[in-house]
């Protein structure tokens, strides 16, 4: 009987120990869950709070970066627009040669002009500024039988100027011309209608009679 009761008490003690162990394990798990949850919440809600001095420094660093970015963007846009625009026609005076004197005040000359651009140029008129009337008197071009009204990129043409006023040592010449933006040589019709369909370009230059040189 005593053996039976001791055995029963032994099993009861083991049962109570096992139940207590289970409760402690469950309690520890709940505590760990709550601790992990609090850590996760703290990590998820973690914020960086900057002091006013740090905010000022950050703004000082970001500002120039934004400005530089805008300037680079504008510069790139400008380069893109420039590259996409058609070539601009330009001419350059090469030489001036006396042909004959009409009288003591007027004479005829031969002028050489170079197409200094990458497109064909259609030449229109050449005039000389009249300082007394503040006007520009047309003096050319006067072409020979084989001289065209146009010249291609890098090409030099020679034409005549008549009635040039030589009473002053320095002349102001205005050369009016048009750019031809198509491939091949312009036809006679294209040359004749150039003033109506193309924007004109005027090159102002000065010629010094004494030094026989251009100022362009």
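Values quoted throughout were computed directly from the atomic coordinates according to the rules given, and no laboratory measurement underlies them. A quick note: this is a predicted structure, and the numbers were derived from the prediction, not measured. Glycine gets a Cβ as well: all are built from the backbone with ideal geometry, and neighbour counts include every protein chain shown.
Highest first, please rank the peptides 120-128, 94-102, 182-190 by the mean number of other Cβ atoms sitting within 10 Å of their residues.
Details: 120-128: 21.2, 94-102: 12.9, 182-190: 11.3.
Top to bottom by mean Cβ count within 10 Å: 120-128, 94-102, 182-190.
How high is the FRET efficiency between residue 185 and residue 104 when r is their beta carbon distance and R₀ equals 41 Å, given to the nearest 0.05? Each step should come with its number before you reach the end.
Details: r = 42 Å, r/R0 = 1.02.
The value I calculate is 0.45.
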Separation of the residue 196 and residue 208 label points, Cα + 7 Å toward Cβ, nm
4.4
Percent RCO, i.e. relative contact order, over segment 118-216, from Cα pairs under 8 Å lying at least 6 residues apart
30
Rough spin-label spacing in nm, given labels placed 7 Å along Cα→Cβ, for residue 112 and residue 153
2.3
